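Novice: If you scroll down you'll find the structure; I have some questions about it.
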Amino acid sequence: MLNADLHCHSNVSDGMLPPPELAARAKANGVELWALTDHDEVGGIAAARKAAGELGLRFVAGVEISITWAGKTVHIVGLGIDENDPGLCAGLESVRGGRLRRGREIADQLEQAGIPGAYEGALKFADNPDMLGRTHFARFLVEAGVRPNVSEVFANYLVEGKPGFVPHRWSTLEEAVGWIRGAGGRAVIAHPGRYPFTDMQLDALISTFRDLGGEGIEVVTGSHTPDQYDSFARVARHAGLLASRGSDFHGPAESRVDLGHLPPLPAGLMPVWHDW
Ligand code: AMP
Ligand code: MN
Ligand code: MN
Ligand code: MN
């Protein structure tokens, strides 16, 4: 099967590497079809496409859009988008707004928990300050010696019920799918195993997503356990959704799964790239 890796992040959002270094790493790791999917931002696409072209690596323009659904944050990946589409660009700009204000509130909470200087500390890790996010705070908390690594931080801070969590209203499912489709792309539910939903809620998310024209779901991702590859393969078959595969790579020191280092999709699935 084609080694497709259709989910990763550059330093244009919360990844550690610039787009050309990601392209080189994908190529070196044997990736044959590669997408860059920064959070709420397409500013890295041109550099990624150019670098991939020079390496002879097939490239797909992507984005990972933050939405709020049933009161929780969900991510929708768009693949094969025209990154210059005005509707998509305006939509993404509206999603990015408010991250600095939210960052101030996160820092206020951390200060009350006895950790000063988090706003400036997190900003130092954000190469693109517009995209200041929890990953940058997590890196600051590691640097400050609060926890030894980013996963330990997310087990104790920055998530619901812990210090440094600020509820945020992102875009809606309808908006995100609409922007992606309007830009000629295919919408995919990112890492479905990561959401705190009941089976009924997940069914409702999938059925609304399909009604809106959503087409795919991630099955094999760095955010799933091997058990979840099989359970979400069943979900994809049952719902008639195209299956996607992506490492969700953020950086060499941080990510469990490297670019291209994933098992193949389970049998009996239609890959999201089947007609590309
Ligand atoms: P934000 O968009 O600012 O809310 O940040 C979300 C990002 O935080 C995700 O894209 C991940 O990169 C990171 N993240 C969230 N939860 C975890 C976790 N449990 N472990 C590692 N990284 C996480
Ligand atoms: Mn991220
Ligand atoms: Mn995500
Ligand atoms: Mn991601």
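Novice: If I model a spin label as a point 7 Å beyond the Cα along the Cα-Cβ vector, how far apart are those points for residue 149 and residue 174 in nm?
Specialist: So the label points at residue 149 and residue 174 sit 4.3 nm apart.
Novice: Could you compute the net charge surrounding residue 246? Neighbours are other residues with a C-beta less than 10 Å from the C-beta of residue 246; K and R count +1, D and E count -1.
Specialist: Details: positive: 245; negative: 5, 64, 218, 248.
In short, -3.
Novice: Could you check what % of the DSSP bridge pairs in the chain are antiparallel, to the nearest 5? Please report the intermediate quantities before stating the final value.
Specialist: Values: 12 of 29 bridges.
Percent antiparallel among DSSP bridges in the chain is about 40.
Novice: So how do 19-29, 115-125 stack up, highest first, on mean other-Cβ count within 10 Å? Present the calculation step by step, with values, prior to reporting the outcome.
Specialist: Working: 19-29: 20.1, 115-125: 17.0.
Listed from highest to lowest mean packing, they are 19-29, 115-125.
Novice: When the solvent-accessible surface of protein heavy atoms is calculated with a 1.4 angstrom probe, in what order do 261, 238 fall, highest first?
Specialist: 238, 261
Novice: Which whole-percent values make up P(r) of the range 54-113 when all C-alpha to C-alpha distances are grouped in 10 Å steps starting at zero?
Specialist: Using 10 Å bins, I get a P(r) of 17, 35, 29, 14, 5, 0 for the range 54-113.
Novice: Starting from the Cα-Cα distance between residue 253 and residue 197, subtract it from 0.36 nm times their residue separation and give me the gain in nm to one decimal.
Specialist: Numbers: separation 56, 0.36 × 56 = 20.16 nm, distance 2.97 nm.
That pair, residue 253 and residue 197, stretches by 17.2 nm at full extension.
Novice: How about residue 27: which lysines have a C-alpha closer than 25 Å to its C-alpha, ignoring those fewer than 8 places off in the same chain?
Specialist: 50
Novice: Before rounding to the nearest 500, sum -39500 (n - 2.57) across all DSSP H runs of length at least 4 in the chain and divide by the residue total; then give [θ] at 222 nm in deg cm²/dmol. If you can, show how the numbers build up before the last one.
Specialist: Details: 10 runs with 106 residues, N = 276.
Per the formula, -11500 deg cm²/dmol.
Novice: Follow-up question, since we're still on this one. Plugging the Kirkwood radius over Cα pairs into Stokes-Einstein for the chain, at a temperature of 37 °C and a viscosity of 0.692 mPa s, what D comes out in µm²/s?
Specialist: For the chosen part, D equals 175 µm²/s.
Novice: Once you have the Cα-Cα distance between residue 101 and residue 46, take 0.36 nm times their residue separation minus that, and quote the gain in nm to one decimal.
Specialist: Working: separation 55, 0.36 × 55 = 19.80 nm, distance 2.86 nm.
Value of the extension gain: 16.9 nm.
Novice: Pairwise over distinct Cα atoms, reciprocal of the mean inverse distance: report the Kirkwood radius of the range 78-120 in Å, one decimal place. Working shown, then result.
Specialist: Values: mean 1/r = 0.0797 Å⁻¹.
This gives a value of 12.5 Å.
Novice: Still on this structure, I have one more. Which value does Rg/Rh take for the range 170-238 over its C-alpha atoms, Rh per Kirkwood? Don't skip to the end; give the middle numbers.
Specialist: Values: Rg = 12.2 Å, Rh = 12.6 Å.
Expressed as Rg/Rh, it is 0.97.
Novice: While we're on this one: What is the gain in length, in nm to one decimal, between residue 82 and residue 120 on full extension, counting 0.36 nm per residue of separation less the C-alpha to C-alpha distance? Spell out each step's value before the answer.
Specialist: Details: separation 38, 0.36 × 38 = 13.68 nm, distance 3.44 nm.
So the extension gain works out to 10.2 nm.
Novice: What is the helix-to-structure angle for 45-55, meaning the angle in degrees between its Cα long axis and the longest Cα principal axis of the chain, kept from 0 to 90 and rounded to the nearest 10?
Specialist: Once rounded, one gets 60 degrees.
Novice: Roughly what percent of Cα-Cα pairs across the range 62-216 reach past 19 Å?
Specialist: Numbers: 6823 of 11935 pairs.
Of all Cα-Cα distances in the range 62-216, 57 percent exceed 19 Å.
Novice: Please compute the contact order of the range 94-184 in relative form: average sequence separation of alpha-carbon pairs under 8 Å and at least six residues apart, divided by the residue count, as a percent.
Specialist: Details: 88 pairs, mean separation 24.0, N = 91.
Reported as a whole number, the value is 26 percent.
Novice: For the modelled label position 7 Å from the Cα of residue 274 along Cα-to-Cβ, which residues of the range 206-234 have backbone nitrogen atoms closer than 14 Å?
Specialist: 215-217
Novice: Hey, what did the chain get for relative contact order, percent, Cα under 8 Å, at least 6 apart? Walk me through the numbers on the way to the answer.
Specialist: Numbers: 554 pairs, mean separation 56.6, N = 276.
Once normalised by length, the contact order is 21 percent.
The values are calculated or read from the model by the stated rules, or taken from the named source; none is laboratory data. Note that the structure is predicted; figures quoted are calculated from it, not measured. Backbone-built Cβ (ideal geometry, glycine too); neighbour counts: all protein chains shown. Calculation scope for accessible area: heavy atoms of the full protein, side chains included, ligands and nucleic acids excluded. Shrake-Rupley method; radii C 1.70, N 1.55, O 1.52, S 1.80 Å.
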